[in-house]
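Undergrad: Below: one structure in structure tokens.
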């Protein structure tokens with residue numbers, strides 16, 4: 001598969017993730033007290049991953065997340081050139097998705113942007129690292145065996161639902177720098193001011209997951 005096709009696939013996947021999943025968050029809300037809206041948002045993120053995994057997964061691997069890509073880079077499963085290409089495509093896809101979403105529902109909807117937990121940078125950072133670690137180590141585990149190919153997309157999607165069920169109440173759940181950057185770029189204000197947390201923390205979580213999984217899976 002040519003590199004450009006992989007990058008286009010990553011653009012499309014991240015575009016869909018932001019438009020549909022962040023769009024669901026913007027439309028139904030992420031208030032845990034509301035219950036239904038909370039769960040719909042969590043499910044939307046997971047279902048997008050399932051849909052994209054079985055559509056573009058055979059083209060690019062369906063990372064649609066820089067935290068996943070950096071884990072694959074650290075694991076030796078992709079080269080630096082592709083990593084850069086993937087991340088650029090993911091960010092552009094997220095920006096495009098957020099732009100379309102804004103045109104549909106307006107910026108006042110919040111566009112599913114992330115926010116600090118009780119204004120606490122440190123705690124929000126730690127929460128995002130933990131959530132991303134769990135998500136990415138599940139991806140590394142299920143994709144490590146070829147025979148898991150048929151169910152990998154479902155496992156990864158359900159894991160994303162899981163981390164959202166816990167994380168929405170705290171930070172809105174990022175675990176994906178591109179997904180956070182797109183909405184924040186248009187929302188501005190505090191969302192854009194604190195975007196570094198939702199870019200750096202998932203990357204740290206992805207790297208830690210890759211290192212940990214390598215340690216656990218090495219026989220020596």
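Undergrad: Which one of these does residue 102 not meet: (1) out of contact with any helix residue (DSSP H, G or I) (no Cβ under 7 Å at 6 or more places or on another chain); (2) closer than 16 Å to residue 181 by Cα?
TA: Looking at each condition in turn, residue 102 falls short on (1).
Undergrad: Working carefully through the options 151, 207, find the one that is assigned to a helix (DSSP H, G or I), surrounded by fewer than 24 Cβ atoms within 10 Å (Cβ to Cβ), in contact (Cβ under 8 Å) with a residue 40 or more places away in the chain and at negative phi.
TA: 207
Undergrad: Which count do you get for residues in the stretch 155-175 that are over 20 Å from residue 90 (Cβ atoms) and in a helix (DSSP H, G or I)?
TA: Total meeting the criteria: 6.
Undergrad: Is it fair to say residue 56 is modelled with pLDDT of 95 or more and within 15 Å of the chain's Cα centre (by Cα)?
TA: Here the answer is no, as residue 56 does not meet what is asked.
Undergrad: Ok, one more. Please state which of the following conditions residue 178 fails to meet, knowing it meets all the rest: (1) in a helix (DSSP H, G or I); (2) closer than 22 Å to residue 102 by Cα; (3) over 12 Å from the mean Cα position of the chain (by Cα).
TA: The one condition residue 178 does not meet is (3).
Undergrad: Being in contact with a helix residue (DSSP H, G or I) (Cβ under 8 Å, 6 or more places away or on another chain) and surrounded by fewer than 21 Cβ atoms within 10 Å (Cβ to Cβ): is that true of residue 75 here?
TA: Yes: the conditions hold for residue 75.
Undergrad: In the stretch 100-133, which residues are surrounded by 19 or more Cβ atoms within 10 Å (Cβ to Cβ) and either in contact with a strand residue (DSSP E or B) (Cβ under 8 Å, 6 or more places away or on another chain) or part of a helix (DSSP H, G or I) (or both)?
TA: Correct list: 101, 102, 109, 124, 125, 127, 128, 129, 131, 132, 133.
Undergrad: Does the stretch 181-193 hold any residues that are on the phi > 0 side of the Ramachandran plot and part of a helix (DSSP H, G or I), and which are they?
TA: Hit for the stretch 181-193 is 189, nothing else.
The values are calculated or read from the model by the stated rules, or taken from the named source; none is laboratory data. It should be emphasised that the depicted structure is a prediction, and the values quoted were computed from it without experimental measurement. Methodologically, a virtual Cβ is constructed for each residue, glycine included, from the backbone with ideal geometry; neighbour enumeration extends over all protein chains shown.
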